[in-house]
Amino acid sequence: MKKLIIFATVTTAVSASLLAQDAEPRGPRESAREAFQQLDVNNDQVVTHDELMLEAQKKFTEFDQNKNGAITLGELPERMPLSPRAERRIAHMKDKAEAREQAGAPRHERRGTHMSPDERAEKMRPTRIKFMARMDKNGDEQVNLEEFAAPLVKRFKRGDINGDGEVTAAEFEQSLEQRRHKRRGKAQKKHRR
């Protein structure tokens, strides 16, 4: 779960500009495909390690306000961004809450805790301290580019199915399918308990 939160936070940093451009809600596959296209700088349907690191460097520079090559707690935004997945979950919760309200269901008959979707969104939002604790691998209270990019590089390596140092569009689609099946398997095991 911690690894998922780390990746989601870094992915949010990498894909926030894509998500902000379009108000139309998209599913995880569409968001992932757009992120792939953004990383594919030369539009050859292949993302190289260099292209990945170029995008990571751009996002790192946005957070590194004093341009010293390290992100400190003070340089992070007070309100950390939600991951694209969390954004979709919040939108879904808001839609369901609105549907229940329109159906006239009394508040005590509504599912879940008595938090509004906005209250839940704030509870789901990662904090700056958690971000630093998870990303700062060497414990120096700073996140360098290598630490910042580590979750992306790990995901890149997982997507590089043939191990040639590049992720093709076909490998990317195959890794999406593998992740989908893996998540479904975990969800089925969870329901069996």
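The values are calculated or read from the model by the stated rules, or taken from the named source; none is laboratory data. Just so it is clear, the structure is predicted and the values come from calculations on it, not from any experiment. Neighbour counts run over all protein chains shown; Cβ positions are idealised from the backbone, glycine included.
Screening segment 1-116 for helices (runs of 4 or more DSSP H) wholly inside it with 3 or more residues that are modelled with pLDDT of 75 or more returns the ranges 28-39, 49-63, 84-102.
Taking every residue in segment 33-54 that is loosely packed, with under 14 Cβ neighbours inside 10 Å and pairing it with any residue that is of a type in the set (S, T, N, Q) and assigned to a strand (DSSP E or B), at least 6 positions away or on another chain, the pairs with Cβ-Cβ distances below 7 Å are Gln45/Thr168.
Within segment 55-74, track down each residue that is under 19 Å from Leu152 (Cβ atoms) and either surrounded by 13 or more Cβ atoms within 10 Å (Cβ to Cβ) or of a type in the set (D, E, K, R) (or both). Matches in segment 55-74: Glu55, Ala56, Gln57, Lys58, Lys59, Phe60, Thr61, Glu62, Phe63, Asp64, Ala70, Ile71. Tell me whether segment 155-167 contains one or more residues that are loosely packed, with under 13 Cβ neighbours inside 10 Å and in contact (Cβ under 8 Å) with a residue 60 or more places away in the chain. Yes, the conditions are met somewhere in segment 155-167.
Scanning segment 134-193 for residues that are part of a helix (DSSP H, G or I), modelled with pLDDT under 85 and over 18 Å from the mean Cα position of the chain (by Cα) yields His181, Arg184, Gly185, Lys186, Ala187, Gln188, Lys189, Lys190, His191, Arg192.
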